[in-house]
1. Using the basic label-point model (7 angstrom from Cα toward the beta carbon), what is the Leu111 to Ala139 distance in nanometres?
2. Mind ordering 42-48, 127-133 by average Cβ neighbours within 10 Å, highest first?
3. Hey, any idea what Rg/Rh is for the stretch 107-158, computing Rh the Kirkwood way over Cα pairs?
Amino acid sequence: MKRAAALFAAVLLAGAAAPALAEPPPAPDRPLADPADEARARALFGDIRCVVCQHESIADSPAGIAADLRGLVREQIAAGKTDDEIKADLLRRYGDYVLFQPPLRIGTWLLWFGPFALAAGAGVVLVLRARRRSAGEAAPLTPEEERALAALTADDENA
């Protein structure tokens, strides 16, 4: 029984380690020979989102796809493409999500203006609620409520 438990534990441990071994580490980046081109590439790396890591630029991401994208950007710079052409190619391949600042067009209006519209809507709701609350005057007390109030205040004065 102990042997079976040990074998089961070994299989579980091997299965847990398998994902770490599945992807080889990315090859080290090879910078461009021209320092100006390399600086341009590094500036572009900051604008491009890693499609695996989601909230990291390809400059900061250790993922293999980020290394591939860095290599692709360097190849396109070496081929003489402009920054806009490189971004357009990445948009065509990966969609608007690949850029930290997606282009402004009908499909991305919600991304650009949604937060402002939400904040404006919340402000309108707050103003309307505040007006409604301040506009409502208290109803006059009924004779029964006046007697109860007088009795309560008389008790406070006697105490």
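Rule-based calculations on the coordinates, nothing more; no lab input. Since this is a predicted model, take the numbers as computed values, not measurements. Ideal geometry is used to build each Cβ from the backbone, glycine not excepted, and the neighbour counts take in all protein chains shown.
1. Label at Leu111, label at Ala139, 5.4 nm between them.
2. Numbers: 42-48: 17.1, 127-133: 9.6.
Ranked by mean Cβ neighbours within 10 Å, highest first: 42-48, 127-133.
3. Reported Rg/Rh, Kirkwood definition of Rh: 1.51.
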